[in-house]
Amino acid sequence: KKRSHPASPQCLYANTHLQHLAEHLFAVGYIAEQLFKKTVNNEDKTNLANIAYLAGCLHDLGKVDPNFQDWVKKGKRKNNDEDGQHIDSNVKFTFENYPRHNEISTILLNIFDDQFDGLNFHQREALHHVVYWHHAKPFRKTDDFEEIFKTYEYFSKKVSGEDFNHFITQSLSVLQSVKQLAENYGSPNILI
């Protein structure tokens, strides 16, 4: 499918179809919450529906990654898998030494974790699990990405200093945009 408009350098995108990242996150969170409410009927329904909503709103936050944004704005390459991979296989960049967007989303979730009021330990654990595992674990020759701190170490080597601060600022800005969309649509206002 061809793009109907060029990528804007200021926008953050969720995919090569240039869907705005905040809109994508809110839509997935909203749909996850609604599906959960329609399919689960027990006393934990509301709290678990909130976890489904939060997980949807946070699952791709790692796409704020400047390397992902550079890639997505260049357009789709031939023979590229649609499984969350965002770097072409014919370049020196590899996921052997760089986290994927779901792993970066988990880093951000850990950074912002104390700002999600009202979640108990098990709810936080479920949220982290869903965000991390919304993509299958990639095969790596040596998987040093088992622990979040190691993943952060790899990421901070590639995105450091002012770039990392900008990455955090942009992540918070995206969350504020998602929160605004939630307010506009009457959804839970449980984001940062």
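Odds and ends about this structure:
- In loop segments of the range 85-187 as defined by DSSP, the trypsin sites (Lys or Arg not before Pro) with at most 15 further C-beta atoms inside 10 Å of their C-beta are Lys92, Arg140, Lys141.
- Applying a threshold of 26 Å to the alpha-carbon distances of Lys73/Lys158; Lys63/Lys137; Lys63/Lys141; Lys37/Lys179; Lys38/Lys73 flags Lys38/Lys73 as lying beyond it.
- The H on the amide N of Tyr13, modeled in the peptide plane, is under 5 Å from the matching H of Leu21, each at least 5 residues off or on a different chain.
- Among the GluC sites (Glu not before Pro) within the range 130-192, those in coil by DSSP and having at most 13 neighbouring Cβ atoms inside 10 Å are Glu146, Glu147.
Computed from the coordinates by the stated procedures, all read-outs in this text should not be read as laboratory data. Quick caveat: nothing in here was measured; it's all calculated off a predicted structure. As a convention, Cβ positions derive from the backbone with ideal geometry for all residues, glycine included, and neighbour counts pool all protein chains shown.
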